[in-house]
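Data block below; observations after.
The values are calculated or read from the model by the stated rules, or taken from the named source; none is laboratory data. Note that the structure is a prediction, hence the values are computed from the model and not measured. With ideal geometry, Cβ positions are generated from the backbone for all residues, glycine too; neighbour counts draw on all protein chains shown.
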Amino acid sequence: MKSIISWNVNGLRAVHRKGDIAQVFHIKPDILCIQETKSLPDQLPIELSKPDGYHSYFHFPTAKKGYSGVAIYSKEEPKRVSRDIGVKQFDQEGRLIMAEYDNLTLINVYFPNGGGPPERLRYKLDFYDYFLELIDKLHKKQPNIIFCGDVNVAHKPIDLARPKENETHVGFLPIERAWVDKLISRGWTDIFRHFYPDKTEAYTYWDMKTFARERNVGWRIDYFFSSPEMLRKIKSIEILDNILGSDHCPIKLTLK
């Protein structure tokens with residue numbers, strides 16, 4: 001296993017129709033993690049439900065159609081795949097899927113956005129806390145863990161184009177950013193910042209309504225995080241901002 005790509009597609013069928021998902025499959029990652037599929041199993045064409053050369057696994061929301069959803073496409077068949085984290089309010093939104101291999105546990109997550117009514121921010125913060133407890137517990141049994149996905153928060157001012165204007169906006173609130181601090185204090189590493197601690201203008205999300213991508217007025221809210229043991233096995237990470245089709249771009253991790 002050499003490469004893992006993570007991408008919030010903002011609608012799996014939409015990026016398929018535009019031809020952009022084909023670009024990612026053309027790269028031939030060993031594993032492709034997708035967030036925000038916005039579809040149910042019977043809505044997917046065969047090339048998305050069972051693409052050539054890949055085992056495919058999905059977690060679809062049960063509470064609301066055309067919303068959320070995650071997928072893992074893997075060349076190697078995992079030993080085990082889990083979809084539920086054991087809390088109904090989280091599981092019903094289809095936000096997490098975990099694949100276990102011999103020397104790696106990979107978790108693909110689409111964290112809640114937290115915008116809208118106040119209870120959605122509370123939901124997001126509760127999800128954050130529960131997820132951190134889950135991975136900490138898992139780490140006691142399995143040293144080699146990577147989790148990836150749309151975390152829906154820019155951690156530091158360097159991670160978004162306009163930090164000052166967004167200090168009171170969901171996605172850059174002090175309480176959200178403090179959770180990332182807590183995550184890192186527990187030994188989890190933001191792999192992009194590990195390799196590029198000072199790199200500016202490196203974003204993974206742009207608002208489509210304001211044509212922000214053309215001006216690179218973006219946010220880095222999509223991540224790969226690693227346990228300390230797994231970090232030593234990582235060779236490189238890159239943001240594939242030349243791939244269009246979504247308001248997010250893919251990120252690619254290469255293992256040694």
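Here are the numbers:
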read-out: Test result for N152, surrounded by 14 or more Cβ atoms within 10 Å (Cβ to Cβ), touching an Asp or Glu at 6+ places or on another chain (Cβ under 9 Å) and either at pLDDT 95 or above or of a type in the set (S, T, Y) (or both); value: yes
read-out: Residue list for the stretch 26-57, filter: in contact with a Pro (Cβ under 8 Å, 6 or more places away or on another chain) and under 19 Å from L106 (Cα atoms); value: H55, Y57
read-out: Hey, V15 among the β-branched types (V, I, T) and either in contact with an Asp or Glu (Cβ under 7 Å, 6 or more places away or on another chain) or over 14 Å from Y73 (Cα atoms) (or both) or not; value: yes
read-out: So P51, is it surrounded by fewer than 18 Cβ atoms within 10 Å (Cβ to Cβ) and closer than 29 Å to H16 by Cβ; value: yes
read-out: Yes/no for K28 being under 19 Å from the mean Cα position of the chain (by Cα) and either of a type in the set (D, E) or surrounded by fewer than 17 Cβ atoms within 10 Å (Cβ to Cβ) (or both); value: yes
read-out: Residue in the stretch 54-65 that is assigned to a loop (DSSP other than H, G, I, E, B) and touching a residue at least 40 places away in the same chain (Cβ under 8 Å) present; value: no
read-out: Number of the exception - E47 against (1) under 25 Å from K235 (Cα atoms); (2) in a helix (DSSP H, G or I); (3) among the acidic types (D, E); value: (1)
read-out: Qualifying positions in the stretch 198-256 - small (G, A, S) and more than 19 Å from I5 (Cβ to Cβ); value: A212, S227
read-out: Residue within the stretch 98-105 that is without any contact (Cβ under 8 Å) to a residue 60 or more places away in the chain and in contact with a Phe, Trp or Tyr (Cβ under 8 Å, 6 or more places away or on another chain) present; value: no
read-out: Within the stretch 211-226, considering residues that are in a loop (DSSP other than H, G, I, E, B), more than 16 Å from the chain's Cα centre (by Cα) and not aromatic (F, W, Y), the one surrounded by the fewest Cβ atoms within 10 Å (Cβ to Cβ); value: N216
read-out: Residue count, the stretch 140-186 (criterion: in contact (Cβ under 8 Å) with a residue 40 or more places away in the chain, over 19 Å from the mean Cα position of the chain (by Cα) and within 26 Å of T254 (Cα to Cα)); value: 4
read-out: Tally of residues being crowded, with 24+ Cβ neighbours inside 10 Å and either among the acidic types (D, E) or out of contact with any helix residue (DSSP H, G or I) (no Cβ under 9 Å at 6 or more places or on another chain) (or both) across the stretch 107-117; value: 2
read-out: Test: residue in the stretch 95-102 that is among the charged types (D, E, K, R) and surrounded by 23 or more Cβ atoms within 10 Å (Cβ to Cβ); value: yes
